[in-house]
1. Just name the residue that is farthest from the chain's Cα centre (by Cα) out of those in the range 52-75 that are of a type in the set (D, E, K, R) and surrounded by 14 or more Cβ atoms within 10 Å (Cβ to Cβ).
2. Please state which of the following conditions S65 fails to meet, knowing it meets all the rest: (1) farther than 23 Å from K8 by Cβ; (2) at pLDDT 90 or above.
3. Please go through the range 1-54 and pick out each residue that is within 12 Å of A107 (Cα to Cα) and either part of a helix (DSSP H, G or I) or hydroxyl-bearing (S, T, Y) (or both).
4. Pairs only if they're at least six apart or on different chains, beta carbon under 8 angstrom, first in the range 13-37 and within 30 Å of M1 (Cα to Cα) and without any contact (Cβ under 8 Å) to a residue 40 or more places away in the chain, second of a type outside the set (S, T, Y) and in a loop (DSSP other than H, G, I, E, B); list them, first residue then second.
5. Take K101 and decide whether it is touching a residue at least 40 places away in the same chain (Cβ under 8 Å), of a type in the set (K, R) and farther than 25 Å from S6 by Cβ.
Amino acid sequence: MNLIESEKLNVDNFKAFIKDKTWIRLPRKLNKDNTAFFYTLNYEDDTKIVKIVVKPHKEMSVTESFKNYMLNGEPAPSNYKGQTCDWGFYVNVKVDEEFIKNIDKIAKNKDIPEKQLITW
C-alpha cells in the first residue's frame, strides 16, 4: 500500500495507514500568549519508512521511503551483496481545521527527558 502515487497523496491509503498509528504533539511557543503545535508520525518496518509532519499553518508533509533499493532505483534482489539505499517520495498537502482537530484528539504529548546537569 503506497501513500504517494503519481506525485499525489493517495487519501484512501493514507487514512488506512494512519488509523492505528501514534501521533506526537510538539509545542511551538511563539510568545507567552501564543502556542501552536506540530504533529508528527514516524513509522518504520523492514521495507518502509514513513515520516509525516502537520504544521501549524495547515500544511502536511509526507515522506515515504522504501528500503533496500539498488542505486539505480530498482528493488534489490534477496541475494544482492552490493550497495543499497532508501528510495522514496515526498509530497506537501494542505489540511483543514477539522483534520487538525481530529489529529489533536489522538496525539500524545512528547515525553521531554529530564535535562542532564554537568558540573565541573
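The values are calculated or read from the model by the stated rules, or taken from the named source; none is laboratory data. Keep in mind the model is a prediction, meaning the values are calculated, not measured. Note that we place each Cβ from the backbone using ideal geometry, even for glycine, and neighbour counts take in every protein chain shown.
1. K67
2. (1)
3. Listed by number, the residues that qualify are I18, T22, Y39, T40.
4. N13/M1; N13/N2; N13/L3; A16/M1; F17/M1; F17/L3
5. Against the criterion (touching a residue at least 40 places away in the same chain (Cβ under 8 Å), of a type in the set (K, R) and farther than 25 Å from S6 by Cβ), K101 does not qualify.
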